[in-house]
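**Student:** Could you have a look at this structure, given as structure tokens, before my questions?
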Amino acid sequence: MDHIRLENISKIYNATNTQAQVALSLLAEGMNSVAVKEQTGYSVGLYDINLAIKAGELHCIMGLSGSGKSTLIRHINRLIDPTSGKIWVDTAINAQTNIAEYDSAQATPSAQTAFSKYMPSTVINILELDDKGLQQYRQQNVSMVFQHFGLTPHMTVIQNVAYGLRVRKMSVSERHDIARHWLNEVGLPNLENSYPDELSGGMQQRVGLARALATDTPILLMDEAFSALDPLIRSQLQDQLLELQARLNKTIVFITHDIDEAVKVGQRISILNGGRLIQTGTPIELRNNPADDYVAQFMKAKK
Ligand SMILES: Nc1ncnc2c1ncn2[C@@H]1O[C@H](COP(=O)(O)OP(=O)(O)OP(=O)(O)O)[C@@H](O)[C@H]1O
């Protein structure tokens, strides 16, 4: 069952719609994003991305610097709006959904038609949301873990973790109970009254993870979340994420430029190059059947 589907998503930065059409036409003719930038002056974030992310999968987005990874993930919570395309999200899916049951209850002849034909009321194009709808979508469906943690320095650890719950009409003690639970889950009990700068990088990112998990959203976006950490700590957090994912069953979109990390944590990996989606597959599919040299080089670089 698809949870998120990007349909013909393109993003041309700093261009009006008319200006962007010039860049899009060149891209449609096969010109690469560097040449398009040289010729038009516009940066290509993404071009014609079609990608379905399944409910409950940990999906890695891989690619070199500038390939469009951050641009892609930021479309899913609409920190960035595309130049063109649609973004479908099934808002009926939550982490508690028994995906197997849900799947068999839906007649799904193909992934392509499942969204529009069989789940019309819960599958929404998030680009059509108004401000209130967008706020609600963000609160209920999607949370994010950032590369540089993004913690608020003057708040204690527990206040940081409970922060996302403030918008829900919950008492402080309720919010703190939930925050305490998640701090425990990420292996950080007894640090609730510390401040972020008293913690190591690895601990700060555990707080970032606990904060994202505390909101109980079904979609978790992780943008190079472990990239700033030492290899050993990074590996521990990868293990912890896999262990949590096995229990929580969230849909996780995980950006990394490290193929070893992608192969370790990703059930499927999508590889971007110059704003284009080159290939999506399991690590084994990518290794055995790379779509081009770029993918082959990545898979060869794997330790
Ligand atoms: N705000 C912006 N204005 C103009 N161009 C941008 C902007 N953000 C990104 N770009 C361009 O879009 C392309 C994709 O950038 P993006 O940051 O999505 O790539 P990335 O794969 O996440 O890179 P990195 O690994 O370095 O973070 C790049 O050419 C970049 O220069």
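**Student:** Could you grab me the full set of residues in the stretch 231-281 that are closer than 28 Å to residue 36 by Cβ and of a type in the set (A, V, I, L, M)?
**Tutor:** Those that are closer than 28 Å to residue 36 by Cβ and of a type in the set (A, V, I, L, M): 253, 255, 259, 262, 269, 271, 272, 277, 278.
**Student:** Within the stretch 8-42, work out how many residues are touching a Gly at 6+ places or on another chain (Cβ under 9 Å), surrounded by fewer than 18 Cβ atoms within 10 Å (Cβ to Cβ) and touching a residue at least 60 places away in the same chain (Cβ under 8 Å).
**Tutor:** Selection size over the stretch 8-42: 3.
**Student:** Right, here's the next one. Within the stretch 217-237, can you find the residues that are part of a loop (DSSP other than H, G, I, E, B) and surrounded by 17 or more Cβ atoms within 10 Å (Cβ to Cβ)? I'd like the intermediate steps shown before the answer.
**Tutor:** From the stretch 217-237, those part of a loop (DSSP other than H, G, I, E, B) are 217-218, 224-230; that's our starting set.
Across the stretch 217-237, the qualifying residues are 217, 218, 224, 225, 226, 229.
This table checks each residue for (1) charged (D, E, K, R); (2) free of Cβ contacts under 8 Å to residues at least 24 places away in the same chain; (3) within 26 Å of residue 138 (Cβ to Cβ).
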residue	(1), (2), (3)
191	no, no, no
210	no, no, yes
215	no, no, yes
219	no, no, yes
223	yes, no, yes
229	no, no, no
233	no, no, no
243	yes, yes, no
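**Student:** Search the stretch 279-299 for residues that are free of Cβ contacts under 8 Å to residues at least 40 places away in the same chain and pair each with any residue that is of a type in the set (S, T, N, Q) and surrounded by 14 or more Cβ atoms within 10 Å (Cβ to Cβ) when their beta-carbon atoms are under 8 Å apart and the residues are at least 6 apart or on different chains.
**Tutor:** 279/270; 282/267; 286/279; 290/279; 291/279; 292/279; 294/273; 295/279
**Student:** Residues 85, 68, 45: which one is modelled with pLDDT of 95 or more, crowded, with 21+ Cβ neighbours inside 10 Å and over 20 Å from residue 298 (Cα atoms)? Spell out how you get there, then give the answer.
**Tutor:** Details: 85 fails: crowded, with 21+ Cβ neighbours inside 10 Å; 68 fails: over 20 Å from residue 298 (Cα atoms).
Unique residue meeting the criteria: 45.
**Student:** Still on this model: Check whether at least one residue in the stretch 180-194 is within 21 Å of residue 76 (Cβ to Cβ), under 22 Å from the mean Cα position of the chain (by Cα) and not in a helix (DSSP H, G or I), and report yes or no.
**Tutor:** If we filter the stretch 180-194 for residues that are within 21 Å of residue 76 (Cβ to Cβ), which is where we start, we get none.
Looking through the stretch 180-194, none of the residues is within 21 Å of residue 76 (Cβ to Cβ), under 22 Å from the mean Cα position of the chain (by Cα) and not in a helix (DSSP H, G or I).
**Student:** Looking at (1) in contact with a strand residue (DSSP E or B) (Cβ under 6 Å, 6 or more places away or on another chain); (2) under 20 Å from residue 65 (Cα atoms); (3) of a type in the set (Ser, Thr, Tyr), can you tell me which one residue 251 breaks?
**Tutor:** (2)
**Student:** With the structure loaded, tell me whether residue 187 is over 25 Å from residue 55 (Cα atoms) and touching a Leu at 6+ places or on another chain (Cβ under 6 Å) or whether it fails that test. Walk me through how you get there before you give the answer.
**Tutor:** Values: over 25 Å from residue 55 (Cα atoms): yes; touching a Leu at 6+ places or on another chain (Cβ under 6 Å): no.
Judged against the criteria, residue 187 is not a match.
**Student:** Here are 242, 221, 199, 277: which of them is more than 16 Å from the chain's Cα centre (by Cα) and not hydroxyl-bearing (Ser, Thr, Tyr)? Spell out how you get there, then give the answer.
**Tutor:** Values: 242 fails: more than 16 Å from the chain's Cα centre (by Cα); 221 fails: more than 16 Å from the chain's Cα centre (by Cα); 277 fails: more than 16 Å from the chain's Cα centre (by Cα).
From the options 242, 221, 199, 277, the qualifying one is 199.
**Student:** Hey, can you tell me all the residues within the stretch 241-279 that are more than 16 Å from the ligand (Cβ to nearest atom) and among the hydrophobic types (A, V, I, L, M, F, W, C)?
**Tutor:** 241, 242, 244, 246, 248, 252, 263, 265
**Student:** Would you check which residues across the stretch 22-49 are more than 8 Å from the ligand (Cβ to nearest atom) and under 22 Å from residue 220 (Cβ atoms) and list them?
**Tutor:** So in the stretch 22-49, the residues more than 8 Å from the ligand (Cβ to nearest atom) come out as 22-32, 34-36, 38-42, 47-49.
Passing the criteria: only 49.
Each row is one residue, and each column tells you yes or no for (1) at pLDDT below 95; (2) more than 22 Å from residue 73 (Cα to Cα); (3) among the hydroxyl-bearing types (Ser, Thr, Tyr); (4) in a helix (DSSP H, G or I).
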{"site": "4", "(1), (2), (3), (4)": "no, no, no, no"}
{"site": "8", "(1), (2), (3), (4)": "no, no, no, no"}
{"site": "20", "(1), (2), (3), (4)": "no, no, no, yes"}
{"site": "31", "(1), (2), (3), (4)": "no, yes, no, no"}
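**Student:** Go over the candidates 187, 201, 208 one by one and state the one that is crowded, with 23+ Cβ neighbours inside 10 Å and more than 16 Å from the ligand (Cβ to nearest atom).
**Tutor:** Details: 187 fails: crowded, with 23+ Cβ neighbours inside 10 Å; 201 fails: crowded, with 23+ Cβ neighbours inside 10 Å.
208 is the lone residue from the list that is crowded, with 23+ Cβ neighbours inside 10 Å and more than 16 Å from the ligand (Cβ to nearest atom).
**Student:** Could you please find all residues in the stretch 71-94 being at positive phi and assigned to a strand (DSSP E or B)?
**Tutor:** Step one: of the stretch 71-94, the residues at positive phi are 78, 85.
Selection gives 85 alone.
The values are calculated or read from the model by the stated rules, or taken from the named source; none is laboratory data. Computed from a predicted model, the values in this text were never measured in an experiment. A quick note on method: Cβ atoms are made from the backbone with ideal geometry, for glycine too, and the neighbour counts reach across all protein chains shown.
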